[in-house]
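Comments concern the structure below.
What follows is calculated from the coordinates using simple rules that are stated; it is not laboratory data. Computed from a prediction, not measured in an experiment: that's the story for all the values here. Ideal geometry is used to build each Cβ from the backbone, glycine not excepted, and the neighbour counts take in all protein chains shown.
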Amino acid sequence: MINIEFDSSKGWSKPVLQEFQDFSVSPFISGLHYGIQCYEGSKAYKNEKGEVRLFRLDCNAARFKKASTRLTMADFDGRELISLIE
């Protein structure tokens, strides 16, 4: 999992790569009540050699960036997102 905190005065923090784990969510988050959330699922497949292949990650990042902008979510660097996923 990648955890990146956001602060309106400081912007995005340094990404932290951590092991998969449960996380808690406040019942007051807007996504539970008003649907203000965004998800753009990337695709990854293994080839015959067991290597992971990412499918059109640049297109997914661009759609995610466009959708989050429409929702007035904080902007981010799409290339950095791709780097984190890779």
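Remark: for residue pairs 10/46; 43/66; 10/43; 14/49, the C-alpha separation exceeds 27 Å in 10/46; 10/43; 14/49.
Cβ crowding within 10 Å, taken as a proxy for footprinting-reagent exposure, orders 40, 48, 5 from fewest neighbours to most as 48, 5, 40. Each residue, residue 6 and residue 46, gets one label point 7 Å from its Cα in the Cβ direction; the gap between the two is 3.4 nm. Below 8 Å, C-alpha to C-alpha, sequence gap of six or more: please give me the relative contact order for segment 35-77 in percent. Rounded, it is 37 percent for segment 35-77. By the Stokes-Einstein formula, at 1.002 mPa s and 20 °C, the chain with its Kirkwood radius over alpha-carbon pairs has D equal to 143 µm²/s.
Diffusion coefficient (Stokes-Einstein, Kirkwood radius over C-alpha pairs, 20 °C, 1.002 mPa s) for segment 38-86: 184 µm²/s, rounded to a whole number. Note on the chain: GNM, Cα springs under 10 Å; of 23, 64, 55, the largest mean-square fluctuation is that of 23.
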